[in-house]
Amino acid sequence: MRVLEDVLAGLENELEWVRRLYTDLHRRPELSLEEHTTSKLVHEHLASFGFDVIRIGGTGVVGVLANGEGPVVLARADMDALPVSEATGLPYSSEVNGVMHACGHDLHVAALLGAAKLLSSARGSWAGTYIALFQPGEEIGAGAKAMVEDGLVAKLPKPDVALAQHVMPLPAGIVATAAGPVLSAGDSIKITVHGAGAHGSMPHLSVDPVVLAASIVLKLQTIVSRETRPGEFAVVTVGALNAGTKSNIIPEQATLLLNVRTYDTTLRDRILASIERIVAGECAASGAPRPADIEPYDKFPLTSNDAAVTERVTAVFTAHFGADTVQRAAPQTASEDFSRIPDAFGVPYTFWFVGGVDPAAYQRAVDTGTVSQDVPANHSPRFAPVIDPTLTIGVQAQVVAALAYLAAKE
Ligand code: ZN
Ligand code: ZN
């Protein structure tokens with residue numbers, strides 16, 4: 001592909017600033033929806049590359065490069081960091097106390113800006129419109145929603161396809177794609193059950209919310225084990241259970257924090273209904289004075305890759321990177337809010353993974369059976385993607401995937 005050669009001709013020259021930008025972003029992580037410095041930096045870069053820049057959804061930034069008649073490609077990177085204290089020991093470790101780019105979103109930003117620069121510099125070689133979208137607040141599932149609610153669809157040209165990538169604990173150099181569900185739908189639910197408090201010595205005067213909550217926790221285990229078809233993927237986790245202050249006081253209420261993961265929206269709806277049914281049933285059985293409060297929060301949609309888009313992108317990845325580099329991605333139990341953006345436009349998308357772990361270290365961990373201890377995953381305080389070749393692969397993947405759609409200019 002001549003166009004690809006033209007666009008990637010500038011790669012080596014650009015990598016130096018892309019690397020520097022990456023380490024700068026890593027040093028200065030910003031929490032979800034507070035990506036002020038990051039979005040300003042992104043804005044300045046996009047403007048200097050000749051993109052029309054729009055701010056959408058608080059700290060969201062979108063660059064549009066209209067380059068004549070042709071397909072419209074939207075590529076997205078997320079920008080936020082996590083409330084994690086960095087323990088990587090890297091020379092460019094976070095300089096912000098208790099905040100860290102522990103999910104690699106700094107890498108996504110640097111890679112997409114690198115791709116945007118390359119496409120802009122070689123705009124004589126291709127035609128169409130390239131949209132580089134930088135999204136805030138992914139970690140709390142709020143950023144894509146904020147951009148959509150701020151009029152994203154009305155403010156941008158309608159894309160033909162949407163693309164996104166994520167660095168994962170796979171060997172660096174690997175690119176992994178898959179059609180269908182690749183990331184689960186994620187639902188967090190806060191449940192508050194109400195009892196009647198009393199002295200710990202007088203349980204007959206109480207409705208004990210501790211016993212009620214314990215009973216709910218056990219009964220919830222039957223949603224996956226008894227109500228879900230064996231082999232169908234579902235997770236129901238009670239991540240927090242809080243009640244009481246003192247051994248001799250029966251408290252008034254208990255709170256539970258649940259996390260649900262699914263790859264199928266019908267199953268998801270059924271599980272959420274089962275949770276409500278079980279909570280209501282257990283409250284009734286214990287004689288609770290009033291129904292429980294059930295509050296959903298941190299909701300993540302399903303990420304299910306379009307088959308045709310994934311096939312087309314996988315084919316160009318394989319041609320560019322080589323067949324042994326491109327793997328089939330295993331579905332992840334993690335979640336993402338990226339799909340809200342293509343879903344808002346009603347356009348197909350694909351979301352792929354790039355490896356970030358030093359390949360030799362990864363192989364050692366595989367050989368010794370210690371991958372789970374020795375390969376820090378996303379959100380770990382020791383999560384430390386190797387810059388080379390992760391960053392250059394990330395830049396190239398965005399360029400190669402975009403050019404699978406943008407038209408070649410003769
Ligand atoms: Zn994350
Ligand atoms: Zn992430």
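The values are calculated or read from the model by the stated rules, or taken from the named source; none is laboratory data. Keep in mind that what you see is a predicted model, and the values were worked out from it rather than measured. No Cβ is skipped: glycine too gets one built from the backbone with ideal geometry, and neighbour counts run over all protein chains shown. These accessible areas exclude ligands, DNA and RNA; they are computed on the full protein's heavy atoms, side chains included. Shrake-Rupley method; radii C 1.70, N 1.55, O 1.52, S 1.80 Å.
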Revision key, fill the gap. From the cross-link list 145/409; 40/158; 40/409; 117/409; 40/155; 40/117, the entries with a Cα-Cα span beyond 27 Å are 145/409; 40/409
Review point. When the accessible area of the stretch 185-300 is computed with all protein chains present and a 1.4 Å probe, what percentage of it is carbon and sulfur?
Key: 56 percent
Practice item. Convert 4 °C to kelvin, take the viscosity as 1.567 mPa s, use the Kirkwood radius over C-alpha pairs of the stretch 29-102 as Rh, and evaluate the Stokes-Einstein diffusion coefficient in µm²/s, rounded to a whole number. Key: 92 µm²/s
Exercise for review: Identify all aspartates and glutamates with a Cα-Cα distance to residue 299 below 12 Å; exclude those on the same chain that are fewer than 8 residues away in sequence.
Suggested key: 138, 139, 187, 336, 337
Review point. Sorted by mean Cβ packing within 10 Å, highest first, what order do the peptides 172-180, 32-40, 44-52 take?
Key: 172-180, 32-40, 44-52
Point to revise | Highest to lowest packing among 301-309, 373-381, scored as the average C-beta count within 10 Å | key: 301-309, 373-381
Practice item. With springs only between Cα atoms under 10 Å apart, run a GNM on the chain and tell me which of 158, 117, 246 wobbles the most. Key: 246
Check your understanding: For the chain, with every protein chain kept in place, what is the accessible area per residue (1.4 Å probe, Å²)?
Key -> 41 Å²
Review point. Can you list the HN-Hα couplings for the stretch 94-110, worked out from phi with the Karplus curve (6.51, -1.76, 1.60; θ = phi - 60°), rounded to whole Hz and with x for Gly and Pro?
Key: 3, 9, 10, 4, x, 10, 8, 7, 9, 10, x, 5, 4, 5, 4, 5, 4
Practice item. Give the whole-number value, in cubic angstrom per residue, of the convex hull volume spanned by the C-alpha atoms of the chain. Key: 157 Å³
Study note, to complete from the structure: For the stretch 185-300, the Debye formula with one identical point scatterer on each Cα and no solvent gives log10 I(q)/I(0) at q = 0.10, 0.16, 0.20 Å⁻¹ as -0.31, -0.71, -1.00
